[in-house]
Amino acid sequence: MPTKKVAKKTTKKKAVAKKATKKKVVKKKVVKKKVVKKKVVKKKRKPNPQFMKPVQISEALATIVGSKPIPRTEVTKKLWVYIKKNKLQDTVNKRNINADANLKVVFGGKTKVSMFEMTKLVSKHLS
């Protein structure tokens, strides 16, 4: 006798539908913290008394800034006024100063001096 092939029934498992649970969204309350600002009292900077002390000026420098004893800071200010008035600052490199006849004596014969070197050379004319 011929054997009958019996097809097995395949049972598919039904996918159990999961319930979509809604999560409750809890809104967080934003509490602003009060920032206490500390008042910082800055002390006003006191100038160094040595800068404010009037200094004697040499004759060579006196032709540019005047002969009265004035503080070092004022000497530098008056020197810059003279340089800008006579347009002695280099046009290409603003850090350099082209000396005229009066400044050449102060700068020790140099025709071109940097602004940082200028203060060093001028200090030799102050006492």
- request: Being without any contact (Cβ under 8 Å) to a residue 12 or more places away in the chain and open to solvent by less than 70 Å² (accessible area, probe 1.4 Å) is the filter here, so list the residues in region 88-113 that pass it.
  value: Gln89, Asn93, Gly109
field: Residue tally, condition open to solvent by less than 30 Å² (accessible area, probe 1.4 Å) and among the hydrophobic types (A, V, I, L, M, F, W, C), over region 37-87
entry: 11
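The values are calculated or read from the model by the stated rules, or taken from the named source; none is laboratory data. Since the model is a prediction, treat every value here as computed from it, not as a measurement. Because the Cβ atoms are built from the backbone with ideal geometry, glycine has one as well, and the counts that use them run over all protein chains shown. Note: areas computed on protein heavy atoms with side chains; ligands, DNA, RNA excluded. Shrake-Rupley method; radii C 1.70, N 1.55, O 1.52, S 1.80 Å.
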